[in-house]
Structure formats: structure tokens, C-alpha cells
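A short worksheet on the structure shown next.
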Amino acid sequence: MGFTECCGVVLDHEGGYVNDKDDPGGETKFGITKRQYPELNIKELTISEAMDIYKRDYWNKGKVSSVPSGLQLIYFDMVVNVGKSRAVKILQSALNGKGIPTTVDGGIGPNTIRNLKKSNLEPERLRSYRIKYYADLVSRKPTLEKYWYGWYRRAKKT
């Protein structure tokens, strides 16, 4: 699955314009937040503009093309949903859980990429670590519990 296909799935997950006072991202459209992009008119953001941002700031900076193809969609969706550093930490934790010693530092450098390629990390294992991240987050910040089931469903099907 390449960028365009992955992006379509992520756009379906993210949906349109939302301005939920409880959402840590604040005003959001297509997963693009005012907090991350204060210069943008979020309400008027187009799908094309969102895809350009996804490609530049999430796909490329997250080095999604360097991740084994069977994990690219899950990883890209995590990069958009929780940020690159947290997404990488989830990947690194899943590698450690599989017995592949990997420093959990949030950086997708040559060691993490090499470990991913040699690990044959299963998508279900990565999904389980993603769900664990969300569960831990809700435990730390109970006000986010209203998002729990949506995050869980998203993680299960991506």
C-alpha cells in the first residue's frame, strides 16, 4: 500500500472539521490541528492541502517508506493520530516485546529500521501495543476516556 492508499484510509478515520474542547489537538480537520499549524485556516482546509501536509510532515518525516510494507498503514495512521515520536516509541516497544532489543527513544533511525526489517514484526503485535498506548493514556488522563472506544476500533481495523 503506497502513500495515496494509506492516506485515503487515514482521511476516512480522521473525518472532517471538529472543534472539541476536550480534544488535546483542539480545532481539527482531516487530522490536521490548529495547535500544530496555527497559520492555517483549519475550517477551510481542503483534502488536497491535507494530503500535501500528510506527505511532507507525516509520511516523509516519519520515514514510512522505510518501514516494512505490511506495517506502513498502521504506522502512518499512528504518526498522524499520536505524532511521530510516540508512534516510533510504540514500534520500538513492540520490537522489544518480540525480543528484538531496541532503544525506545522515539527516533526512527537506522537501528530501528534495521530491527524492523529483520524482526518480521506482525501487524497484530503492533496493533496490540498501539491499543496498550491508548489504554495507558486514558488511565493517565481520564477526561480522554470518551475517545477510548473510537481509538480502539481505529487501532483494530487499521
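Karplus-derived 3J(HN,Hα) values for the range 136-142, using 6.51 cos²θ - 1.76 cosθ + 1.60 with θ = phi - 60°, are 5, 4, 5, 5, 6, 10, x Hz; glycine and proline are entered as x. In the context of the full set of protein chains, residues of the chain present 53 Å² of accessible surface per residue (probe radius 1.4 Å, heavy atoms only). Using only Cα atoms, find the angle between the long axis of helix 148-157 and the longest principal axis of the chain, and express it within 0 to 90 degrees, rounded to the nearest 10. Once rounded, one gets 60 degrees. Listed peptides 8-17, 127-136 appear in the order 127-136, 8-17 once ranked by packing, highest mean of other Cβ atoms within 10 Å at the front. Report note on the peptides 144-154, 73-83, 54-64: ranked by the mean count of other C-beta atoms within 10 Å, highest first, their order is 73-83, 54-64, 144-154. Annotation for Val18 and Glu44: the two label points, set 7 Å from Cα along the Cα-Cβ direction, are 2.4 nm apart. Considering only His13, Ile47, Gln72, the residue lying farthest towards the positive end of the dipole of the range 1-110 is Gln72, judged by Cα position with unit charges set on Cβ. With a 1.4 Å probe and all protein chains left in place, how much of the accessible area of the chain comes from carbon and sulfur atoms, in whole percent? Answer for the chain is 50 percent, counting heavy atoms of protein chains only. For Lys156, the lysines whose Cα comes closer than 16 Å to its Cα, not counting residues fewer than 8 places off in the same chain, are Lys132. Result for the chain in a Gaussian network model with C-alpha springs under 10 Å: among Ser48, Ser69, Ser85, the largest mean-square fluctuation is at Ser48.
Between the range 1-32 and the range 40-79, how far is it from one alpha carbon centroid to the other, in angstrom? Taking the Cα centre of each part, the range 1-32 and the range 40-79 sit 10 Å apart.
Based on DSSP H segments of at least four residues, each scored -39500 (n - 2.57), the chain has a per-residue ellipticity at 222 nm of -17000 deg cm²/dmol. When you restrict to C-alpha pairs under 8 Å that are six or more residues apart and normalise by the size of the range 1-114, the relative contact order lands at 18 percent.
The values are calculated or read from the model by the stated rules, or taken from the named source; none is laboratory data. Note that the structure is predicted; figures quoted are calculated from it, not measured. Every residue, glycine as well, gets a Cβ built from its backbone with ideal geometry; the counts of neighbours run over all protein chains shown. Protein only, heavy atoms only, side chains kept; ligands, DNA and RNA dropped before computing areas. Shrake-Rupley method; radii C 1.70, N 1.55, O 1.52, S 1.80 Å.
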